[in-house]
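Chemist: This structure is in structure tokens; I'll ask about it shortly.
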6 protein chains.
Amino acid sequence: TNIHLVTPVITEGIRSLDDVTPLEKYGIKITHHLLETGPASIESEIDEALSVPGTIKKCIEAEAAGADAIVIDCMGDPGMKPAREAVSIPVLGPMETSAHLAAMLGQKFSIVTVLDSVVPMLNNLVKIYGVESKLASIRVIDMPVLEIENNIGKTQDQLSAASIAAVREDGASAIIFGCTGFLGCADAISGALAREGLSVPVIDPVPATILQAAAIVQAGLTHSKITYGYPRRKDLKGYDLPLTYSD
Amino acid sequence: TNIHLVTPVITEGIRSLDDVTPLEKYGIKITHHLLETGPASIESEIDEALSVPGTIKKCIEAEAAGADAIVIDCMGDPGMKPAREAVSIPVLGPMETSAHLAAMLGQKFSIVTVLDSVVPMLNNLVKIYGVESKLASIRVIDMPVLEIENNIGKTQDQLSAASIAAVREDGASAIIFGCTGFLGCADAISGALAREGLSVPVIDPVPATILQAAAIVQAGLTHSKITYGYPRRKDLKGYDLPLTYSD
Amino acid sequence: TNIHLVTPVITEGIRSLDDVTPLEKYGIKITHHLLETGPASIESEIDEALSVPGTIKKCIEAEAAGADAIVIDCMGDPGMKPAREAVSIPVLGPMETSAHLAAMLGQKFSIVTVLDSVVPMLNNLVKIYGVESKLASIRVIDMPVLEIENNIGKTQDQLSAASIAAVREDGASAIIFGCTGFLGCADAISGALAREGLSVPVIDPVPATILQAAAIVQAGLTHSKITYGYPRRKDLKGYDLPLTYSD
Amino acid sequence: TNIHLVTPVITEGIRSLDDVTPLEKYGIKITHHLLETGPASIESEIDEALSVPGTIKKCIEAEAAGADAIVIDCMGDPGMKPAREAVSIPVLGPMETSAHLAAMLGQKFSIVTVLDSVVPMLNNLVKIYGVESKLASIRVIDMPVLEIENNIGKTQDQLSAASIAAVREDGASAIIFGCTGFLGCADAISGALAREGLSVPVIDPVPATILQAAAIVQAGLTHSKITYGYPRRKDLKGYDLPLTYSD
Amino acid sequence: TNIHLVTPVITEGIRSLDDVTPLEKYGIKITHHLLETGPASIESEIDEALSVPGTIKKCIEAEAAGADAIVIDCMGDPGMKPAREAVSIPVLGPMETSAHLAAMLGQKFSIVTVLDSVVPMLNNLVKIYGVESKLASIRVIDMPVLEIENNIGKTQDQLSAASIAAVREDGASAIIFGCTGFLGCADAISGALAREGLSVPVIDPVPATILQAAAIVQAGLTHSKITYGYPRRKDLKGYDLPLTYSD
Amino acid sequence: TNIHLVTPVITEGIRSLDDVTPLEKYGIKITHHLLETGPASIESEIDEALSVPGTIKKCIEAEAAGADAIVIDCMGDPGMKPAREAVSIPVLGPMETSAHLAAMLGQKFSIVTVLDSVVPMLNNLVKIYGVESKLASIRVIDMPVLEIENNIGKTQDQLSAASIAAVREDGASAIIFGCTGFLGCADAISGALAREGLSVPVIDPVPATILQAAAIVQAGLTHSKITYGYPRRKDLKGYDLPLTYSD
């Protein structure tokens, strides 16, 4: 099963295939692209909006290149809905996927994320995805996305503290990382929780979503074309997208 | 009070200031721009996404040019949230404004709109705006946006039929036009409803939203900068936006 | 545009037209009445109930006297629904109007009000108005309505503290005054929030609602007569109301 | 157990103690009053509002006369909340009581009532009472309250038809009469449902609520004085109520 | 009115008829059974599941023996729904009944219960029963069911502390005991609340539910056979239940 | 990845491993058991309840035998919650899994199932799982579970008709089979929908859930032991379960 990962930013080196290599042992082949146009990181509605056109383009190209499904590498799920209109293979956002997964694994889940500025966006996504009643809280560690890598120890300490507080004070029984930049930190945070006697699942969104995407492909499923039909043909200025049209 | 209207498409002639001239008698001065980049009309998630970067740009320019508030001329409210981050003057979307207005005027409201393809988008907006319990239904007349003007009689007949059905069958007690392309049709639809003995408000979103924007300005209010803070400074490729940064 | 303000209590001097004079510069002419029968202030369900018959009467008189719209000067919105049945001009309650306005301006809003005894009433109104998912909290400063004026410094200090706590602890991104007796305090509370680095809208309900009422009139709208039809003719003892009937 | 029934209208003969005599065999002693001031029947928000002051008065008198609990004889539950502030014995409204009872007896309930004009009021009550997710529908038979008695055959036929439709088309599994004027019709409507093979509870609100009131008294319970505290002492014009005050 | 109480555990002596003797003065005759198969106490989903087959059996036997209604003596309401399919007399669970009762008596209620392990189960029940919007909180005193009796002083102290905290910190205006093992503690907890100036109803679920069951019988009501129809005849291994079938 | 499938009924031949053989090509090894005690099929709350003890036992045995995850082969998800307490490997119910999957693939989903008698149970599960806002409808084809196999043509015709109606009349954009007895019918129903021009995902719950279970195992996740802790040790009569205890 071929999964294409779109990292919807322009920052070279922020994501490498090594991050998801362990999934190959389950028969999943992964390809990857950054964007050519868009922001360096996604921490606001503006960043999110400016990542969408480039993400749609990469999704169309991935389908043309033979991908079986696409995973978008950002918890804002930028471009997921328009990309589903543009292609017929499954397009998964890690926020939507992780939220439904967490809803299955425990009574309530909390999201631990980077900055206050993304909280309303994540909260709105959880509402649209229909699982708001399962959300315990969204907690923030006040760490910009591009500083995570150089502060990995501090990041993990703060994620652990936020996760423990989410369980103890907010009633969470599962944790979702609210930024895909935290990839690889799940074991450390699970360990910290376990040392406090708290046995809760910690969802690392990118690998979890890639595996779900593969499962959806293997089940012969894709998104509804009633919800996400191809667009109507019309003039377009400033974007060069090889769209499929409904007419 | 100076209100700037951004019509988030590239189609010349689709909107003229004559459409909103009657509002000048209330002391409102209106300016207007189309987009330089974006789609010809907005009827899908893709169209909506591709109108956002150009809309943000026009909002920044309008604030710089001295507007007191901005109204976006599309029921998908494209770019409303990112534009609120980019500027400090009020930015109003007609879907959000009309939904709250309709919620105040009657027990439940229905939206009558153009095509099936915009229904999930409008439904999601109503959820995010927090008034889903006041939504009776969304009805569709199956008319592309760019064909409204040349089929105005048919459009009004179908809007009337859909509005009457919304009241009688779906329990609506107020009607919102689900496309700003229906501007100017409120009297005809109110009349058709009245002939059936149905006395319900019919909200023509653009003039209603311009008036609300003026009222918000006069009340000394604008959107929360806690929800919509200025973005963090970072690299950006492919877009040329004179952003204000939080740092 | 002529707006009539009904202050639904009998206490002479509790409201003066000077309070809303600044709105005249927007072309709004304001008239005002207290009640002839009713309570001295509204701080309980009983107070609210006993203010309703007198409020309905004042609304009928205001329409007969040529008002374009009516605003009720109490956050319990007493008599708003029955008055809408009695007249055909818009009748706005400041709780309903402020709640929808706040819902538009930020992700969540808090209400800061006088006494514990009004909290269930306000909470029920927010439920009926359909915006409960946007309510962060209701906070109380424990100050009776009729003591506000003589304790304005203390009132503003407590409103500031409650508003800061609502933002920091409850997740509010907008503030509504939960008593119209706080009229005129918005600048002080905004200032206190700003000194804490919190840039959130503070809604002073009476001026905001008068401006919204004018905008609704100018948009040619009024409440739905399907929701708020004229009543059926029937015997009535103890009240002398010049009602219009549906038959 | 002494239950006082307040019929919140002025129409002599609309209610007699014979209607509830069968409950005496369960050890319940019932007393009854009409209002001295108020409307002839309750079919609108105005009617409801004008019945409240008189209802509060009768509740205070009933407590003074030794009643153990009070039941208000109208599905608008007029005055229930303010009366609970005024007295310390339980005050039950038949809409609130029947809604919770129906919620216990089946998956969803429908309300069959008199006129379109009461539907928004009943719908708002169900929201406030917190059981909206259990409401299947509200159906109307278009029969004014004061005409029920002279059209009892037609009323029962229409109630039966509405109840059958509520079960078959709206998914109801329990029926509530949405007007206390239908007292005594439950057997006829249950029978009509049974003849269609539909075995659903039909709640006749007044006897059901009297029995619940007795059960609440016998359980040693009453409403919360945190929600419904005694009011603060203050001036009051136009009403002569022997209130108990919180101070 | 004959009410049969099923205590859905096997522990001799955990319940005696003396516990409910005071209800006889209201004309209620009570019979009682423990289970022959099942767990010693109910503190988990497993305990709950293993109490259900035995509970269904006792309900069928009680109906055959002439009971007018059945009350299940556990806040997990084990077997309530299947037992309603098996019999036609009312079967009441104390969690469902207490939740609806509390919803009527105050703005919000809290549940004070034994162990963390029952919180998700109680929370799910409140969701299914449709009154989640009235739930303030569920608090735990960390006391196993079978240790209550030998630690009654400590239990009451902790229940009092949890109830006071629920009112002061969580916004509760009514309290429900979340374990029927707390039977008889209501006066002590009401007293402790009163000493703090908090006048809130404290629901002791078993007596309150027995009284409600009697009221439902006297009102001629039972659960809907549309929701809870008799089961279809089919093979069954390992259980010996004298079922009535739908065919 | 080893997945154990528990078919929670006693009917020999109702499920064979051939049904899920195609999943082996994705590296999933499947084992299977029926129950020793329980009902022949699950079509009521009683059937569901009586399948739970046997299901818990089979789950404990499967974990001991080395399974990586367990899937319960019934849309009532019988025993899922207690089994999660009993074991530490993931236990998935196909209703929960399919509901979250469908919620991801389209705007709203409908469930097409066997009999009216299972509708309340499925509706309650969707509420507990937190995705009720995504449910369009539950439709019934009136076919007992054990008659499906001998009426496969009629079953598929009725499933197709129900699915088409769900999309056209109820607003569904995805379909879930509401009985695992429909295994293998997805292609036929998808085809029927496609012939009507309706491109919607049709979820065949058992294979979809097995694939999700494998994905969850591969992601290193399992359910939360905070929500689903091991039970406390206590006496138990009538069941012989090799439980792990929390103490």
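Chemist: Within segment D:136-143, can one find any residue that is in a helix (DSSP H, G or I) and either more than 28 Å from E:P82 (Cβ to Cβ) or touching a residue at least 12 places away in the same chain (Cβ under 8 Å) (or both)?
Modeler: No, segment D:136-143 contains no residue that is in a helix (DSSP H, G or I) and either more than 28 Å from E:P82 (Cβ to Cβ) or touching a residue at least 12 places away in the same chain (Cβ under 8 Å) (or both).
Chemist: Inspect segment B:82-94 for any residue being more than 14 Å from chain A (Cβ to nearest Cβ), outside any loop (DSSP other than H, G, I, E, B) and closer than 30 Å to A:G229 by Cα and give the result as yes or no.
Modeler: So far as segment B:82-94 goes, yes, one or more of its residues are more than 14 Å from chain A (Cβ to nearest Cβ), outside any loop (DSSP other than H, G, I, E, B) and closer than 30 Å to A:G229 by Cα.
Chemist: Can B:S117 be described as in contact (Cβ under 8 Å) with a residue 60 or more places away in the chain and surrounded by fewer than 22 Cβ atoms within 10 Å (Cβ to Cβ)?
Modeler: Values: in contact (Cβ under 8 Å) with a residue 60 or more places away in the chain: yes; surrounded by fewer than 22 Cβ atoms within 10 Å (Cβ to Cβ): no.
No; evaluated as a whole, the condition is false for this residue.
Chemist: Additional query: Looking at this structure, is B:L241 part of a loop (DSSP other than H, G, I, E, B) and either farther than 27 Å from C:A172 by Cβ or more than 9 Å from every other protein chain (Cβ to nearest Cβ) (or both)?
Modeler: Values: part of a loop (DSSP other than H, G, I, E, B): yes; either farther than 27 Å from C:A172 by Cβ or more than 9 Å from every other protein chain (Cβ to nearest Cβ) (or both): yes.
Yes; evaluated as a whole, the condition is true for this residue.
Chemist: Based on this model, can you work out whether A:G54 counts as out of contact with any Pro (no Cβ under 9 Å at 6 or more places or on another chain) and either at pLDDT 95 or above or farther than 30 Å from B:Y230 by Cα (or both)?
Modeler: No: the conditions fail for A:G54.
Chemist: Another question, then. So C:L159 ticks every box in (1) within 30 Å of A:M121 (Cα to Cα); (2) within 14 Å of chain B (Cβ to nearest Cβ); (3) in contact with a strand residue (DSSP E or B) (Cβ under 7 Å, 6 or more places away or on another chain); (4) in a helix (DSSP H, G or I) but one. Which box is left unticked?
Modeler: Just one mismatch for C:L159, condition (2).
Chemist: List the number of the failed condition for E:E36; all other conditions in (1) more than 14 Å from chain F (Cβ to nearest Cβ); (2) in a loop (DSSP other than H, G, I, E, B); (3) surrounded by fewer than 24 Cβ atoms within 10 Å (Cβ to Cβ); (4) of a type outside the set (F, W, Y) hold.
Modeler: (1)
Chemist: Report whether or not A:A83 is at pLDDT 95 or above, under 19 Å from A:L236 (Cα atoms) and either aliphatic (A, V, I, L, M) or in contact with a Gly (Cβ under 9 Å, 6 or more places away or on another chain) (or both).
Modeler: Details: at pLDDT 95 or above: yes; under 19 Å from A:L236 (Cα atoms): yes; either aliphatic (A, V, I, L, M) or in contact with a Gly (Cβ under 9 Å, 6 or more places away or on another chain) (or both): yes.
Considered against the rule, which asks whether it is at pLDDT 95 or above, under 19 Å from A:L236 (Cα atoms) and either aliphatic (A, V, I, L, M) or in contact with a Gly (Cβ under 9 Å, 6 or more places away or on another chain) (or both), A:A83 comes out as yes.
Chemist: Quick check on segment D:73-87. Is at least one of its residues over 30 Å from E:M80 (Cα atoms), touching a Phe, Trp or Tyr at 6+ places or on another chain (Cβ under 8 Å) and without any contact (Cβ under 8 Å) to a residue 40 or more places away in the chain?
Modeler: Within segment D:73-87, the subset over 30 Å from E:M80 (Cα atoms) is D:73-74, D:76-87.
Subsequent filtering for residues that are touching a Phe, Trp or Tyr at 6+ places or on another chain (Cβ under 8 Å) retains D:81, D:84-86.
Now drop any that are not without any contact (Cβ under 8 Å) to a residue 40 or more places away in the chain, which leaves none.
Checked segment D:73-87: no residue is over 30 Å from E:M80 (Cα atoms), touching a Phe, Trp or Tyr at 6+ places or on another chain (Cβ under 8 Å) and without any contact (Cβ under 8 Å) to a residue 40 or more places away in the chain.
Chemist: Still on this structure, please answer the following. Among the numbered criteria (1) touching a His at 6+ places or on another chain (Cβ under 9 Å); (2) free of Cβ contacts under 8 Å to residues at least 24 places away in the same chain, which one does F:V131 miss?
Modeler: Failed condition: (2).
Chemist: Does segment A:123-131 contain at least one residue that is of a type in the set (D, E, K, R), within 18 Å of the chain's Cα centre (by Cα) and more than 23 Å from E:K127 (Cα to Cα)?
Modeler: Start the filter on segment A:123-131 by keeping residues that are of a type in the set (D, E, K, R), which leaves A:127.
Pick out the ones that are also within 18 Å of the chain's Cα centre (by Cα) and you get A:127.
Applying the additional criterion that residues be more than 23 Å from E:K127 (Cα to Cα) yields none.
No, every residue in segment A:123-131 fails to be of a type in the set (D, E, K, R), within 18 Å of the chain's Cα centre (by Cα) and more than 23 Å from E:K127 (Cα to Cα).
Chemist: Restricting attention to segment E:167-189, which residues are in contact (Cβ under 8 Å) with a residue 40 or more places away in the chain, more than 12 Å from E:D204 (Cβ to Cβ) and within 11 Å of another protein chain (Cβ to nearest Cβ)?
Modeler: Correct list: E:V167, E:G171, E:A172, E:S173, E:A174.
Chemist: Give the residues of segment B:21-68 that are hydroxyl-bearing (S, T, Y), farther than 12 Å from B:V9 by Cα and in contact (Cβ under 8 Å) with a residue 24 or more places away in the chain, sorted by residue number. Break it down into steps so the answer makes sense when it comes.
Modeler: Keep residues of segment B:21-68 that are hydroxyl-bearing (S, T, Y), which gives B:21, B:26, B:31, B:37, B:41, B:44, B:51, B:55.
If we keep only those that are farther than 12 Å from B:V9 by Cα as well, we get B:21, B:26, B:31, B:44.
The answer is B:Y26, B:T31, B:S44.
Chemist: Looking at this structure, is A:L236 at pLDDT 95 or above, closer than 30 Å to B:L146 by Cα and in contact with a Pro (Cβ under 7 Å, 6 or more places away or on another chain)? I'd like the intermediate steps shown before the answer.
Modeler: Values: at pLDDT 95 or above: yes; closer than 30 Å to B:L146 by Cα: yes; in contact with a Pro (Cβ under 7 Å, 6 or more places away or on another chain): yes.
Criteria met by A:L236.
Chemist: With more than 9 Å from chain A (Cβ to nearest Cβ), crowded, with 24+ Cβ neighbours inside 10 Å and under 20 Å from F:A103 (Cα atoms) as the only criterion, which of F:V202, F:V206 stands out?
Modeler: Numbers: F:V202 fails: more than 9 Å from chain A (Cβ to nearest Cβ).
Just a single option satisfies the conditions, and that option is F:V206.
Chemist: Restricting segment B:214-238 to residues that are closer than 15 Å to C:I203 by Cα and among the small types (G, A, S), which is farthest from the other protein chains (Cβ to nearest Cβ)? Reasoning before the result, please.
Modeler: At the first step, the residues of segment B:214-238 found to be closer than 15 Å to C:I203 by Cα are B:215-225.
Those still in the list that are among the small types (G, A, S) too: B:215, B:219-220, B:224.
On the way: B:A215: 4, B:A219: 5, B:G220: 7, B:S224: 3 Å.
For segment B:214-238, the residue satisfying everything is B:G220.
Chemist: Which condition does B:V20 not pass, out of (1) among the hydrophobic types (A, V, I, L, M, F, W, C); (2) surrounded by fewer than 24 Cβ atoms within 10 Å (Cβ to Cβ); (3) more than 29 Å from C:Q218 (Cβ to Cβ); (4) touching a Pro at 6+ places or on another chain (Cβ under 8 Å), if it passes all the others?
Modeler: The failed condition is (3).
Chemist: Yes or no: E:A69 crowded, with 19+ Cβ neighbours inside 10 Å, at the interface with another protein chain (Cβ under 10 Å from one of its Cβ atoms), within 29 Å of F:P82 (Cβ to Cβ) and among the small types (G, A, S)?
Modeler: Working: crowded, with 19+ Cβ neighbours inside 10 Å: yes; at the interface with another protein chain (Cβ under 10 Å from one of its Cβ atoms): no; within 29 Å of F:P82 (Cβ to Cβ): yes; among the small types (G, A, S): yes.
No; evaluated as a whole, the condition is false for this residue.
Chemist: Also: Could you please find all residues in segment D:8-32 being within 14 Å of chain C (Cβ to nearest Cβ), within 15 Å of the chain's Cα centre (by Cα) and of a type outside the set (A, V, I, L, M)?
Modeler: Step one: filter segment D:8-32 for residues within 14 Å of chain C (Cβ to nearest Cβ), giving D:8-14.
The next check asks that each one be within 15 Å of the chain's Cα centre (by Cα); those that pass are D:8-9, D:14.
Result: D:P8, single match.
Chemist: Would you be able to tell me the number of residues in segment F:190-221 that are in a loop (DSSP other than H, G, I, E, B), farther than 18 Å from A:T227 by Cβ and either of a type in the set (S, T, Y) or without any contact (Cβ under 8 Å) to a residue 60 or more places away in the chain (or both)? I'd like the intermediate steps shown before the answer.
Modeler: The first filter runs over segment F:190-221 and keeps only residues in a loop (DSSP other than H, G, I, E, B), leaving F:196-201, F:204, F:219-221.
Narrowing the set further to residues that are farther than 18 Å from A:T227 by Cβ leaves F:204, F:219-221.
The next check asks that each one be either of a type in the set (S, T, Y) or without any contact (Cβ under 8 Å) to a residue 60 or more places away in the chain (or both); those that pass are F:204, F:219-220.
Of the residues in segment F:190-221, 3 are in a loop (DSSP other than H, G, I, E, B), farther than 18 Å from A:T227 by Cβ and either of a type in the set (S, T, Y) or without any contact (Cβ under 8 Å) to a residue 60 or more places away in the chain (or both).
Chemist: Let me ask something additional. Condition check: within 16 Å of F:I210 (Cβ to Cβ) and surrounded by 24 or more Cβ atoms within 10 Å (Cβ to Cβ). Does F:V52 satisfy that? Spell out the reasoning first.
Modeler: Working: within 16 Å of F:I210 (Cβ to Cβ): no; surrounded by 24 or more Cβ atoms within 10 Å (Cβ to Cβ): yes.
Taking the combined requirement at face value, the residue does not satisfy it.
Chemist: Name every residue in segment E:228-239 that is touching a residue at least 60 places away in the same chain (Cβ under 8 Å) and either closer than 17 Å to D:V217 by Cβ or surrounded by fewer than 24 Cβ atoms within 10 Å (Cβ to Cβ) (or both), in order of residue number.
Modeler: Let us first name the residues in segment E:228-239 that are touching a residue at least 60 places away in the same chain (Cβ under 8 Å), namely E:228-231, E:239.
Across segment E:228-239, the qualifying residues are E:G229, E:Y230, E:Y239.
Chemist: Please find, among F:A62, F:A99, F:A103, the residue that is in contact with an Asp or Glu (Cβ under 9 Å, 6 or more places away or on another chain) and either at pLDDT 95 or above or part of a strand (DSSP E or B) (or both). Break it down into steps so the answer makes sense when it comes.
Modeler: Values: F:A62 fails: in contact with an Asp or Glu (Cβ under 9 Å, 6 or more places away or on another chain); F:A99 fails: in contact with an Asp or Glu (Cβ under 9 Å, 6 or more places away or on another chain).
The conditions single out F:A103.
Chemist: Considering only residues that are farther than 13 Å from D:G238 by Cα and free of Cβ contacts under 8 Å to residues at least 60 places away in the same chain, which ones fall in segment C:1-14?
Modeler: In the first step, residues of segment C:1-14 are kept if they are farther than 13 Å from D:G238 by Cα; the result is C:1-8, C:11-14.
C:E12, C:G13, listed by residue number.
Chemist: Can you go through E:M95, E:M143 and tell me which one is within 24 Å of D:T209 (Cα to Cα) and of a type in the set (A, V, I, L, M)? Break it down into steps so the answer makes sense when it comes.
Modeler: On the way: E:M143 fails: within 24 Å of D:T209 (Cα to Cα).
Answer to the selection: E:M95.
Chemist: Then there is this: Go through F:I210, F:I175, F:I216, F:I226 for me and flag whichever is among the aliphatic types (A, V, I, L, M) and in contact with a Phe, Trp or Tyr (Cβ under 9 Å, 6 or more places away or on another chain). I'd like the intermediate steps shown before the answer.
Modeler: On the way: F:I210 fails: in contact with a Phe, Trp or Tyr (Cβ under 9 Å, 6 or more places away or on another chain); F:I216 fails: in contact with a Phe, Trp or Tyr (Cβ under 9 Å, 6 or more places away or on another chain); F:I226 fails: in contact with a Phe, Trp or Tyr (Cβ under 9 Å, 6 or more places away or on another chain).
Result: F:I175 is the single residue among F:I210, F:I175, F:I216, F:I226 that is among the aliphatic types (A, V, I, L, M) and in contact with a Phe, Trp or Tyr (Cβ under 9 Å, 6 or more places away or on another chain).
Chemist: Can you say whether B:I3 is away from chain A (no Cβ under 12 Å), touching a Cys at 6+ places or on another chain (Cβ under 6 Å) and buried (at least 24 other Cβ atoms within 10 Å of the Cβ), as far as the supplied structure shows?
Modeler: Considered against the rule, which asks whether it is away from chain A (no Cβ under 12 Å), touching a Cys at 6+ places or on another chain (Cβ under 6 Å) and buried (at least 24 other Cβ atoms within 10 Å of the Cβ), B:I3 comes out as no.
Chemist: For segment D:109-137, give me each residue that is away from chain E (no Cβ under 14 Å) and hydroxyl-bearing (S, T, Y).
Modeler: The answer is D:T113, D:S117, D:S137.
The values are calculated or read from the model by the stated rules, or taken from the named source; none is laboratory data. Computed from a prediction, not measured in an experiment: that's the story for all the values here. Methodologically, a virtual Cβ is constructed for each residue, glycine included, from the backbone with ideal geometry; neighbour enumeration extends over all protein chains shown.
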